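Everything on this sheet refers to the single structure shown next.
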Amino acid sequence: MALPIPLRAFYGGTFDPVHNGHIAIALAARDALGTTIWMMPAADPPHRAAPGAGAEDRAAMLELAIQGHAGLRVDRRELDRASRTADTPSYTIDTLRELRAKHGEQAPLAFLIGADSLHGLAGWKEPEALIAGAHWVVAERPGSALDEHLPPEAARLVGGRWTLSAAALRDCPGGKVLRLRQPLHEASATQIRRRIAAGETWHHLLPLAVSRYIVEHGLYGAGPLAPGHRAPAAPGV
């Protein structure tokens, strides 16, 4: 008897910067799905403004953020594809087709997104093919809880696809939608970038290594370290 095909899960985003809320979602998904979560930093996405940090900085911060967390890995395929196809927008449907070409049409694949992304999914390229071609694990986000009324087109896309069972995602290649319950974190990447630029407190909202990287590289208006100053220290140091 053939062994079951493992579920593969991918958490895409600009991660600009990656923060504690992102990591909490990834860890909750890892535990709920019982599989590795591949965190995919996006190239310039066509449906939002360009990232505030460059691709290599965002990928480097992700690598730092997942250190010490078993079951979290970084997948660079969207960045690598963008480097091969300059000036071509990065679409999730292209990523799905690339994953299908690699893993096969019968492999269970899941994309992890926030509830705010589900609200706007109808505006993505080829949303019907996306929703049918992979499973979707949707994490609540502050201000975009799944109990709120979805826009009509988003509701139509996911109608009849909801499942309460993470195990059900392993039974078919795609087409199911699972609600991920995890602790909500108020901070967003947008708010963190604003706090950094405004000189407000922000270090507690990110993994320590990411906080240090931002300071050392002067990202988001943090400015380089002045002579005689050090990057943020771990608590108690």
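The values are calculated or read from the model by the stated rules, or taken from the named source; none is laboratory data. Just so it is clear, the structure is predicted and the values come from calculations on it, not from any experiment. All Cβ positions, even for glycine, are placed from backbone atoms using ideal geometry, and neighbour counts span all protein chains on display.
For residues that are hydroxyl-bearing (Ser, Thr, Tyr) and not in a loop (DSSP other than H, G, I, E, B), scanning just the range 181-215, find the one that is modelled with the lowest pLDDT. The extreme case among them is Thr190. Look at the range 64-78: where a residue is without any contact (Cβ under 8 Å) to a residue 60 or more places away in the chain and at positive phi and a partner is of a type in the set (Lys, Arg) and surrounded by 17 or more Cβ atoms within 10 Å (Cβ to Cβ), sitting 6+ places away or on another chain with Cβ atoms under 6 Å, you get Gly71/Arg30. Of the residues making up the range 74-101, those that are closer than 22 Å to Leu33 by Cβ, surrounded by 15 or more Cβ atoms within 10 Å (Cβ to Cβ) and not hydrophobic (A, V, I, L, M, F, W, C) are Asp75, Arg76, Arg77, Glu78, Thr92, Thr95, Arg100.
Within the bounds of the range 114-122, is there any residue that is over 17 Å from the mean Cα position of the chain (by Cα) and touching a residue at least 40 places away in the same chain (Cβ under 8 Å)?
Going residue by residue through the range 114-122, those that are over 17 Å from the mean Cα position of the chain (by Cα) are 122.
This time we only want the ones that are touching a residue at least 40 places away in the same chain (Cβ under 8 Å), so: none.
No, the conditions are met nowhere in the range 114-122.
Please pick out the residue among Leu169, Leu130, Leu178 that is in contact with a strand residue (DSSP E or B) (Cβ under 7 Å, 6 or more places away or on another chain), assigned to a helix (DSSP H, G or I) and closer than 22 Å to Arg8 by Cβ. Reasoning before the result, please.
Working: Leu130 fails: in contact with a strand residue (DSSP E or B) (Cβ under 7 Å, 6 or more places away or on another chain); Leu178 fails: assigned to a helix (DSSP H, G or I).
Residue meeting the stated conditions: Leu169.
Of the residues Leu112, Leu64, Leu79, only one is among the aliphatic types (A, V, I, L, M), assigned by TED's automatic domain parsing to the domain that holds Gly13, at pLDDT 95 or above and assigned to a helix (DSSP H, G or I); which? I'd like the intermediate steps shown before the answer.
Numbers: Leu112 fails: assigned to a helix (DSSP H, G or I); Leu79 fails: at pLDDT 95 or above.
Sole residue among the options that is among the aliphatic types (A, V, I, L, M), assigned by TED's automatic domain parsing to the domain that holds Gly13, at pLDDT 95 or above and assigned to a helix (DSSP H, G or I): Leu64.
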